[in-house]
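What follows draws every value from the coordinates through simple rules; no lab data is involved. Note that the coordinates shown come from a computational prediction; the quantities given were computed from them, not determined experimentally. For neighbour counting, all protein chains shown are included, and Cβ atoms are generated from backbone atoms with ideal geometry for every residue, glycine included.
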Amino acid sequence: MLPVQEGCSHHLLFFSHPSFCTPCLQECLKPKKPLCGVCRSTLSPGSRALDLEKQIETTETTCNGCNKKMYLSKMRSHAASCSKYQNYIMEGVKAVTKEPLHNTRNFPNRFTFPCPYCSEKNFDQEGLVEHCKTLHSMDAKQVVCPICASMPWGDPNYRSANFMEHLQRRHRFSYDTFVDYDADEDDMMAQVLMRSLRDK
């Protein structure tokens, strides 16, 4: 599970390159056009995150099951064989499953979308944009944007006069990267104002 550092463009926003464990990075590399798991920009060839590797090798931690001290690099193999740790995990699972489950029907799906032109379904936002650009760029039919319709502020009846233009302008990035859907609008406005005062 070696950490790999990626050279995508979101480091320009956060002043650091993202680091992924190798299995997670493999998931990002599966699509035809590999994308960063954080900012969704195109991935460039990665390199071993030697500083993170060293930190994992030298940081001590304690097993929550048996209280044995070890380095983070040894924790995964220890957890697989420590019966006390496995009991600790099972107690947590039992505690969580005792709580009543939320009614999932009340939560809109903001992760996959149908194409408003054809019967294709289950596109992520980027996939829908790419699909429409490739197959429907000349279709002038007015359609409802499925991405906007799923948002709290979206109108499921509003038909976009130029859907392709709308996709290009409004859906260059994923809203869930920047929006807290559960936050009250007044709270969000107060947070923005506080940040703007701090950044002066």
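Once both labels are positioned 7 Å from their Cα atoms along Cα-to-Cβ, the gap between V93 and C66 label points is 2.0 nm.
Using the Cβ-Cβ distance between R76 and F173 with R0 set to 41 Å, the FRET efficiency from 1/(1 + (r/R0)^6) comes to roughly 0.75. Net length available on complete extension from L52 to S137 is 26.2 nm, with 0.36 nm assigned per residue and the Cα-Cα distance removed.
Across the cross-link table entries K33/K133; K33/K141; K33/K121, which are compared at the Cα atoms, the separations over 22 Å belong to K33/K141.
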